[in-house]
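J.: Provided herewith is a single structure, encoded as structure tokens, for subsequent inquiry.
The values are calculated or read from the model by the stated rules, or taken from the named source; none is laboratory data. Since the structure is predicted, the reported quantities are computational estimates derived from the model, not experimental observations. Cβ atoms come from the backbone with ideal geometry, glycine included; neighbour counts cover every protein chain shown. These area figures cover heavy atoms from the full protein model, side chains too; ligands, DNA and RNA do not enter into them. Shrake-Rupley method; radii C 1.70, N 1.55, O 1.52, S 1.80 Å.
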Amino acid sequence: MSGILIAVILLTLLALVFGVLLGFAALKFKVEGNPIVDELEAILPQTQCGQCGYPGCRPYAEAIANGDKVNKCPPGGTATMEKLATLMGVEPEPLNAEAQSQVKKVAYIREDECIGCTKCIQACPVDAIIGAGKLMHTVLTTDCTGCDLCVEPCPVDCIDMIPVTQNLKNWNWRLNAIPVTLIQETLSKEIQSKDPQLEEEKRC
Amino acid sequence: MLTLLDQLDKGTLWRSPGGIHPPEVKFLSNATPIGQLPLASTYLVPVPQVGENCTLAVKVGDKVLKGTPLTQGTSIWHLPVHAPTSGTVVAIEPRASNHASALPVNTCVIAADGKDTWCELVPNQLDDLSHQQIVDKIRSAGIAGMGGAAFPTHIKLNPVSEIDLVIINGVECEPYISADDRLMREYSQDILAGIGIIHRLLAPKRIVIAIEDNKPEAAKAMQAAVNQCGLPAGSIRVTVIPTKYPSGGEKQLIQIITGREVPSGSIPAKLGIVVHNVGTAFAIHQAVTQGKPLVERVVTVTGKNVSKPGNYWLPIGTPVDHVLTATEFTPEAEQKVIIGGPMMGHALANIQVPILKGTNCILVPSSQEIGSAPEEKACIRCGECATACPALLLPQQLFWHAKAEEYDKAASYNLKDCIECGCCSYVCPSDIPLVEYYRIAKSALKQAADEKQQAERAKQRFDARLARLEEEKLAREAKAKEAAERRQATMTGTDKNAVAEAMARIAAKKAAAAQAATGGATIEQPATAELNATATDTTAAPKGKAAVAAAIARAKAKKAAQANTESTKTHSVETDSAQIDSSANVDETESATDVIAQEAPLSQKDKVAAAIARAKAKKAAQQTDTAPLEPTETADSTSELNAADDKKAKVAAAVARAKAKKAAQQAETNAENGLNQTATPAVDSKANVQADVNDDTEAAATDINDAEAIKKAKVAAAVARAKAKKIAAASAESKTDAEIESVDVIRAEANVASPSIAATLDTATTEADAVLPSQGSAAEPIETAQLSSEELKKARIAATIAKAKAKKAALAQEANASSDSSVTND
């Protein structure tokens, strides 16, 4: 009898001790916010374009952490989507929006047409447009994320999105693969390809 | 245990890992002394070459001498470029670059004048110069590393850490190149002088000149120069190292000489070691002691397809095609032109590209020497490449990941430490162009890193922006709160009342506007525009007790309009009339604003008239906006009106007031005359008068009837006065408008208005009378009008409505008079 009593008391004590320990740990090592949001945000391209339907990349990262789809980021492209899918442990899905051209673009203000309305400055999420009221504005191309948000508000349509020019610094070896074709080869191929056409025509 | 310095003195060498022994073809070019080539006609100097931030020091059309700097810059990284010969700058434009991509870069095109005149050179005594002056001279001479990488030399000569060992690189391991070999043989004294300057700047414990054992003549010449030089004995030595590719690589050479490995991602200066090329040492000597900037260098032109292979002094910027022509190049099918050696060089897509500071070789091999790339086969995992790799990497793993585009994994195999020497490709039994894969992977990684960095910056900027907006919002709120408090504190009772009154006034105005708008909306059903105008005239009246009168007037107007539409159908000038009507509306608007300007000095009656006129003006404006006939013209006139009315309305008002008084007296008599005259004159000539005019004159007639009924000339006088005012205002307006080129209608109207106000009034009233008997249906309204006239107040309001109508009638008639040539004034 006393053995059972001792066991019960011992187990109760143990339970109490561990309960206190756990309770303390829960307070002491409490994690603020959801750590996965930071990881998700690090993957997102930070264009802050709002094409996902959220006002910025962080809100979208939070939404993904809360179960939103991972395919809503057109600027990030498929690569970003795949990373997000891997991190969240979900199946990769094709991009939601129309696959936009992957060429990086930056805004360009045709300065002689700018009327200095400051609307684009207010729209820019990264403060990459400088200028003042009734004075010409211009885009800091190094800071422009190419999010397109300034194009819509411009009352005189003087903002163009132009592709980033390729120079020796950002040149990609693969991009410049010059397709060298031998003239004789192409000629012979053309002849070959013409022949079946001719035959088809004859059949018709 | 020997120290490092002891071992250096002993000449101990260490083995560097990997490496290959490609066949030596230096004999093609190293037999002849360094030659000169004839001057090219144009030189292409890319600007800027190293260090992006600089400004051009020349412009198109400038004459330059050999050695004139072409760029200026303040950045520590900036390295000026100099004119390679004397001549004229003919263009500064993007031209194809001497780069594997052949992308165009900004290039200064200099047309040579053939004289090759040097600019003024300032020779220096080395002892007179401080260290900083020497470094500045080296920088302003534009000296970059001549081994191939073209790193700015002045940065390497100004290290932050202590330098123990300087290695002078005369290894030249690429199988075809012999430029440094010939330079060392022929200019050993100059090179030693340059080394002396380096010694003075860096004060190292030892200087080692490293030369491969396949260049015994060069080693001998350098040793002789070392023996003669004035540097402290024992501090400098020539070390001959075994031939192996790529011993000439900076990190490999350090490993061979010292046995120490430069850590990944670090630079040799961290180990207290600096490596300079022999060509750089020569250029330093030229720059410091003779003041010559770096405008030419030794370039090996070699390969079986040039008949005069050898080393040549080539000005920086010489087009490659000129060099090839001068050395009698015979191209063959699929000819490759390689810049640099066969191991690390790149083939040119375009030979109209310049020689750069780092260009040490132009190789034009025959198809026997370097054949076309054999077909790539599958990797068989033989591991040959790993054995050959001088950087101790795992090329097959790198290849695997690079091919699969798993660049992250490739990076985890230290891809960035690859020096792209090409040993792995050379030994690969499957002929895989491994280095190409690494280059692609490297550029992709670099791009990813750039994107990451940019994303990070974008995030920072976005966060900063949010913080700023939040701050601004708070500041604004605080300010508003403070201002409100201040206002509360200072505001007195009367101020509060004033504010309340102002608010009430605004509300009343809005209500009036809304009423007017709804009035306009309901009456827009009538087909003809002129009818619409009349209708709005009548609806503008309902104020106070005028509702009954207005209803009567509206009924009248409708009946009259019905009659008129019938009559207008018969007339062929329908379109004309409509046109004139729209212009009349515009005129009306003008007159209305004038009335507003006059508002203050006018009597109570006039105020009501003015209010109606204002409402009418609004309507007219709406109408003119919607009028399909002359939208542009009306818009113009209204905008002009807006511009004019501020300043000129006041003046016009003053003038008009004076005139109005005179006109009123005249008009009174005229109106009476008009009443008496009842009938005869030219009804036929007025047959084509517009429906609008009919309408309004009919209304005017009502007005006259009212006046008769009440028997108070006052009303008639008021009508006349208003008319006169309007006409006077119109004429005054047209005077001022003439200056700002008003619409033609107004000017034409001015012509009609100016001859005699009385005449127009006369015709208006005459016409009214002329219309009256012709329309049987009009009799009834007139009776009702007489009935209504029993009430004086109502009549007064009716009079004001009529007055407004009369104005319009007069205007329409004027307009008509201006357009129809058959009118009375003519």
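J.: Past 22 Å, Cα to Cα, is the threshold; run B:LYS220/B:LYS244; A:LYS119/A:LYS169; A:LYS28/A:LYS83; B:LYS10/B:LYS220 against it and keep the listed order.
T.: Long pairs (Cα-Cα over 22 Å): A:LYS119/A:LYS169; A:LYS28/A:LYS83.
J.: I would also like to ask the following. In Å², what does the accessible area per residue of segment A:103-164 work out to with a 1.4 Å probe?
T.: Numbers: 3230 Å² over 62 residues.
The answer is 52 Å² per residue.
J.: Moving on. Please list, in order along segment A:75-80, the HN-Hα scalar couplings obtained from phi with the Karplus expression 6.51 cos²θ - 1.76 cosθ + 1.60 (θ = phi - 60°), rounded to whole Hz, x for Gly and Pro.
T.: Values, residue by residue: x, x, x, 5, 4, 5 Hz.
J.: What are the ³J(HN,Hα) couplings of segment B:179-193, residue after residue, when phi is run through the Karplus curve with 6.51, -1.76, 1.60 and θ = phi - 60°? Round to Hz, x for glycine and proline.
T.: 5, 5, 4, 5, 4, 5, 5, 9, 10, 4, 5, 5, 4, 5, 4
J.: Going by accessible area, probe 1.4 Å, with all protein chains left in place, what is the ranking of B:ASP213, B:ASP116, largest first?
T.: Values: B:ASP213 80, B:ASP116 50 Å².
Largest to smallest exposure gives the sequence B:ASP213, B:ASP116.
J.: To the nearest 100 Å², how much accessible surface do chains A and B cover up together, summed over both, with a 1.4 Å probe? Walk me through the numbers on the way to the answer.
T.: Numbers: alone 14950 and 39090 Å², together 51550 Å².
Its buried surface, counting both partners, is about 2500 Å².
J.: Another question about this same structure. So if each residue of separation counts as 0.36 nm, and I subtract the Cα-Cα distance between B:GLU328 and B:ASP9, what length gain in nm does that give?
T.: Details: separation 319, 0.36 × 319 = 114.84 nm, distance 4.66 nm.
Contour length minus Cα-Cα distance gives 110.2 nm.
J.: For the pair B:SER235/B:VAL90, report the inter-label distance in nm, with labels modelled 7 Å from Cα in the Cβ direction.
T.: Placing both labels 7 Å beyond Cα along the Cβ direction yields 5.0 nm.
J.: Here's something else I'd like to know. Non-local amide H neighbours of B:HIS346 (under 5 Å, H modeled in plane, Pro and chain starts lacking H): which ones?
T.: Hits under the 5 Å cutoff: B:ILE339.
J.: Between B:LEU103 and residues 5 or more places away or on another chain, which pairs have amide H atoms under 5 Å apart, with H built 1.01 Å from N, and which residues are they?
T.: Distant-sequence amide H within range of B:LEU103: B:SER97.
J.: Taking the Cα-to-Cβ direction at A:LYS169 and at B:GLU471 and moving 7 Å from each Cα, how far apart do the two end points lie in nm?
T.: Rounded to a tenth, the inter-label distance reads 2.9 nm.
J.: If you don't mind, there's one more thing I want to ask. By how many nm would the segment from A:VAL8 to A:ILE36 grow when fully extended, if each residue of separation counts as 0.36 nm and the alpha-carbon distance is taken off? Provide the component values of the computation, followed by the final result.
T.: Working: separation 28, 0.36 × 28 = 10.08 nm, distance 4.20 nm.
This chain segment gains 5.9 nm when fully extended.
J.: Still on this structure: What are the residues whose amide H is under 5 Å from the amide H of B:ILE92, where those residues sit 5 or more places off or on another chain and H is modelled from the backbone?
T.: Residues meeting the criterion, in which the H sits 1.01 Å from N, are B:VAL109.
J.: So what are segment B:382-490's ellipsoid semi-axes, whole angstrom, largest first, if each one is the square root of 5 times an eigenvalue of the alpha-carbon gyration tensor? Display every interim value, and only then the final one.
T.: Values: eigenvalues 735, 18, 14 Å².
Semi-axes (√(5λ), whole Å): 61, 9, 8.
J.: Cβ neighbours within 10 Å, averaged per peptide: list B:59-66, B:375-382, A:69-76 in order, most packed at the top.
T.: On the way: B:59-66: 15.9, B:375-382: 11.4, A:69-76: 22.0.
Descending mean neighbour count gives A:69-76, B:59-66, B:375-382.
J.: Now for a separate question. Go ahead and collect, in residue order, the members of segment B:269-297 whose backbone nitrogen is under 13 Å from a label point 7 Å along the Cα-Cβ direction of B:SER161.
T.: Within reach of a label on B:SER161, which here means backbone N under 13 Å from a point 7 Å along Cα→Cβ, segment B:269-297 contributes B:269-275.
J.: Based on the Cβ-Cβ distance from B:SER41 to B:ILE506, what FRET efficiency comes out when R0 is 51 Å, to the nearest 0.05?
T.: Values: r = 81 Å, r/R0 = 1.58.
It comes to 0.05.
J.: So what J values fall out for segment B:247-259 if you push phi through Karplus, 6.51 cos²θ - 1.76 cosθ + 1.60 with θ = phi - 60°, rounded to Hz, Gly and Pro as x?
T.: So the Karplus estimates, Gly and Pro as x, are 5, x, x, 4, 5, 5, 5, 4, 5, 5, 6, 10, x Hz.
J.: On a full-extension model of 0.36 nm per residue, what is the gain between B:ALA404 and B:GLN133, subtracting their alpha-carbon distance, rounded to one decimal in nm? The partial results should precede the final answer.
T.: Values: separation 271, 0.36 × 271 = 97.56 nm, distance 5.26 nm.
My answer for the length gained is 92.3 nm.
J.: Round to the nearest 0.05 the FRET efficiency obtained for A:ASP112 and B:ASN53 when R0 = 22 Å and r is the Cβ-Cβ distance. Walk me through the numbers before you get to the answer.
T.: On the way: r = 26 Å, r/R0 = 1.18.
Given R0 = 22 Å and the Cβ-Cβ separation, E is 0.25.
J.: Too long at a 29 Å Cα-Cα cut-off: which of B:LYS137/B:LYS336; B:LYS59/B:LYS452; A:LYS134/B:LYS510; B:LYS308/B:LYS442; A:LYS104/B:LYS416?
T.: On the way: B:LYS137/B:LYS336 39 Å; B:LYS59/B:LYS452 39 Å; A:LYS134/B:LYS510 33 Å; B:LYS308/B:LYS442 38 Å; A:LYS104/B:LYS416 25 Å.
Too far apart for the 29 Å limit: B:LYS137/B:LYS336; B:LYS59/B:LYS452; A:LYS134/B:LYS510; B:LYS308/B:LYS442.
J.: Please give, to one decimal in nm, the separation of the simple spin-label points placed at B:LYS481 and A:ASP127, each 7 Å out from Cα toward the Cβ.
T.: Reported label-point gap for B:LYS481 and A:ASP127 is 2.4 nm.
J.: Right, next: How many Cβ atoms of partner chains, on average, are near each residue of B:459-472 if near means within 10 Å of its Cβ?
T.: Values: counts 12, 2, 10, 11, 4, 2, 6, 5, 0, 1, 1, 0, 0, 0.
Per residue, the average neighbour count from other chains is 4.
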